[in-house]
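The values are calculated or read from the model by the stated rules, or taken from the named source; none is laboratory data. If you're wondering where the values come from, they're calculated on a predicted model, not measured in any experiment. Cβ placement follows ideal geometry from the backbone for every residue including glycine, while neighbour counts extend to all protein chains displayed. The area values use the complete protein model at the heavy-atom level, side chains included, leaving out ligands, DNA and RNA. Shrake-Rupley method; radii C 1.70, N 1.55, O 1.52, S 1.80 Å.
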Number of protein chains: 2
Amino acid sequence: MFRGGGKLGHMTAGPGEHRERRSGALLEFLARRMRLRSESVLAPLGLRPRHLVALTVLREAGEMSQQALAGSLQLDGTNVVGLLNDLETADLVERRRSPEDRRRHVVSLTEHGTKRLNEAECALASAEDDVLAALDPVERDTLYDLLRRASSGGPATCTEAIRDNPDVLC
Amino acid sequence: MFRGGGKLGHMTAGPGEHRERRSGALLEFLARRMRLRSESVLAPLGLRPRHLVALTVLREAGEMSQQALAGSLQLDGTNVVGLLNDLETADLVERRRSPEDRRRHVVSLTEHGTKRLNEAECALASAEDDVLAALDPVERDTLYDLLRRASSGGPATCTEAIRDNPDVLC
DNA sequence: TATTGTTATACTCTATAACTATA
DNA sequence: TATAGTTATAGAGTATAACAATA
């Protein structure tokens, strides 16, 4: 599938051929493949792909409130509850009341969670090798860096912007 | 979120810091953001993100059977039926019986579908700008190329491999 | 008998609404 | 009154099973 476009040269579109270079569909396409592959690999560890996403966010961004986590994951707060219940039961994550505002729960990775996340990532190597088979190691590294940088900033700001000004198209 | 790792330099992991560079979680993370942004933009066009993925696959790989499409999308064949019903009703896609094997439906993009796909991709520009805000144009182009190349090959071969040899871990 | 596509149905994921406690 | 988190519940997404047509 998706033939053509070999190597990284930027294809010059033909005269009438209005070549769009939108990554959206490709992103979803690959993410789905990755998720399906990951599920079977992660199952023995008692984890699901979404757990790994949450753990990854917590490792990268550090501890945060459930609401902030929901914002980052672009997930409804109600679903975060169940997600964290799973992770807390497995002692991968810790919820503690914020001293400043006792309504809040501050969520953080436990030491065990950090270790487990690393193990899971190792286990996922084969799934990733499979999905990214067409890329060589250097390209995979480049992809990782791009994805990581694109993940910076996050929609937290965007979510806040909407709350302050609902007219904003976000 | 996801601080650090500025620019494309390959971070050298610290001594005890076993830095994994797995793209799986990031891929899902960004794909979800992209999907949520895309939904609102696509709604006026009567399309959903998954429709765009299917149309994109059909454009890149050309016409194929429903089964092949299901394999490429890593979607159950039953769901492809509904997906194609939507697209066919909107005259974006065409189903015709294969002359060689009358059990098969050959699915292909209509001219209208090709045009509509291009329009949709234009409409998605703002959503993509939003999600990939942290990347400059050159980096976005690189990302597009990497995603596109990674999408090559596809799991069609993999699916066939399973059918021929169920023991294969795919 | 096996395969392509379809329909009917059950299961999982995700979001909306009502509730508790803090502020 | 408003906000953080929780619970209960309904809607959408996805897969499994039985069926029709063709090979």
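Selection of segment A:76-108 for residues being away from DNA strand D (no atom under 13 Å from the Cβ) and touching a Lys or Arg at 6+ places or on another chain (Cβ under 6 Å) yields only A:LEU92. Set side by side, the residues B:VAL57, B:VAL41 differ, and just one is among the β-branched types (Val, Ile, Thr), on the phi < 0 side of the Ramachandran plot and more than 15 Å from DNA strand C (Cβ to nearest atom), which is B:VAL41. Within segment A:75-88, one or more residues are out of contact with any Leu (no Cβ under 7 Å at 6 or more places or on another chain), within 16 Å of DNA strand C (Cβ to nearest atom) and not in a helix (DSSP H, G or I). Scanning segment B:36-61 for residues that are of a type in the set (A, V, I, L, M, F, W, C) and not in a helix (DSSP H, G or I) gives a single hit, B:LEU47. With respect to being out of contact with any helix residue (DSSP H, G or I) (no Cβ under 9 Å at 6 or more places or on another chain), of a type in the set (Gly, Ala, Ser) and surrounded by fewer than 20 Cβ atoms within 10 Å (Cβ to Cβ), A:GLY77 falls outside the description.
From the list A:LEU117, A:LEU135, the lone residue that is within 14 Å of chain B (Cβ to nearest Cβ), assigned to a loop (DSSP other than H, G, I, E, B), open to solvent by less than 20 Å² (accessible area, probe 1.4 Å) and away from DNA strand C (no atom under 16 Å from the Cβ) is A:LEU135.
The residues of segment A:19-35 that are within 7 Å of chain B (Cβ to nearest Cβ) and either assigned to a loop (DSSP other than H, G, I, E, B) or of a type in the set (Asp, Glu) (or both), listed by number, are A:GLU20, A:ARG21, A:ARG22, A:SER23, A:GLU28. Taking segment B:50-75 as the range and being of a type in the set (Gly, Ala, Ser), more than 16 Å from B:LEU124 (Cβ to Cβ) and within 15 Å of DNA strand D (Cβ to nearest atom) as the test, the residues that pass are B:SER65, B:ALA70, B:GLY71, B:SER72.
Checked against the criteria, A:ALA68 does not count as surrounded by 16 or more Cβ atoms within 10 Å (Cβ to Cβ), at pLDDT below 95, hydrophobic (A, V, I, L, M, F, W, C) and assigned to a helix (DSSP H, G or I). Restricting segment B:95-114 to residues that are open to solvent by 30 Å² or more (accessible area, probe 1.4 Å) and either touching a His at 6+ places or on another chain (Cβ under 6 Å) or more than 12 Å from DNA strand C (Cβ to nearest atom) (or both), which is farthest from the other protein chains (Cβ to nearest Cβ)? Taking the candidates together, the pick is B:PRO99.
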